[in-house]
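The values are calculated or read from the model by the stated rules, or taken from the named source; none is laboratory data. Computed from a prediction, not measured in an experiment: that's the story for all the values here. Note that each Cβ is placed from the backbone with ideal geometry, even for glycine, and that neighbours are counted across all protein chains shown. Surface areas here come from the heavy atoms of the whole protein model, side chains and all, with no ligands, DNA or RNA. Shrake-Rupley method; radii C 1.70, N 1.55, O 1.52, S 1.80 Å.
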Amino acid sequence: NEISVSGDPGHLIIDSATAGSQPTGATDATTTYAITTNGTNMKITGAIDEAMGTGLTLKVNLAAPTGGTSSGDVTLAATAADLVTGITGLAESGKTITYTLSATLAASIASGSKTVTFTLTSGT
């Protein structure tokens, strides 16, 4: 069982807002993943190395491989969350990873970075 990622996404920079609204989120979909498994009912989980700052949310959406089911936009936290489930015996590459960073007006960080860990594991 193996999962690999093509590289790091670009910087997610939130630099605009519409008057009376929260800041406009930043999205990057340039990263992909490859997966190989002989297992049955496998899943991909995701977590970040530490909690996001006040007013910040990082979401990830993994395109599902054949036969799998994507959980859609999932908010990442230090505890792993299911991103794709129902994966059985396949080898695929070029599956899109979409990252979205959102901020509220209360966001209190000017810059930073997070490490995202994807894990391929048994879905049972």
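General observations
- For the pair segment 92-119 / segment 1-25, the C-alpha centres are spaced 6 Å from each other.
- Charge dipole (Cα centre; +1 on Lys/Arg Cβ, -1 on Asp/Glu Cβ; no other charges) of the chain amounts to roughly 160 debye.
- Annotation: per residue accessible area for the chain equals 54 Å², rounded to a whole number [probe 1.4 Å, protein chains only].
- Among the GluC sites (Glu not before Pro) found in segment 1-108, those both in a DSSP coil and sparsely packed, with 13 or fewer other Cβ atoms within 10 Å of their Cβ, are GLU50.
- Sites ASP82 and GLU2, calculated FRET efficiency, Cβ-Cβ separation with R0 25 Å, nearest 0.05: 0.85
- Estimated distance in nm for a label pair at THR119 and GLU50, the labels positioned 7 Å out from Cα along Cα-to-Cβ: 2.0
- Atom-type composition of the exposed protein surface of the chain places 47 percent of the accessible area on carbon and sulfur (1.4 angstrom probe).
- When the chain is treated as a Gaussian network with alpha carbon springs shorter than 10 Å, the biggest mean-square fluctuation among GLY20, GLY53, GLY112 belongs to GLY20.
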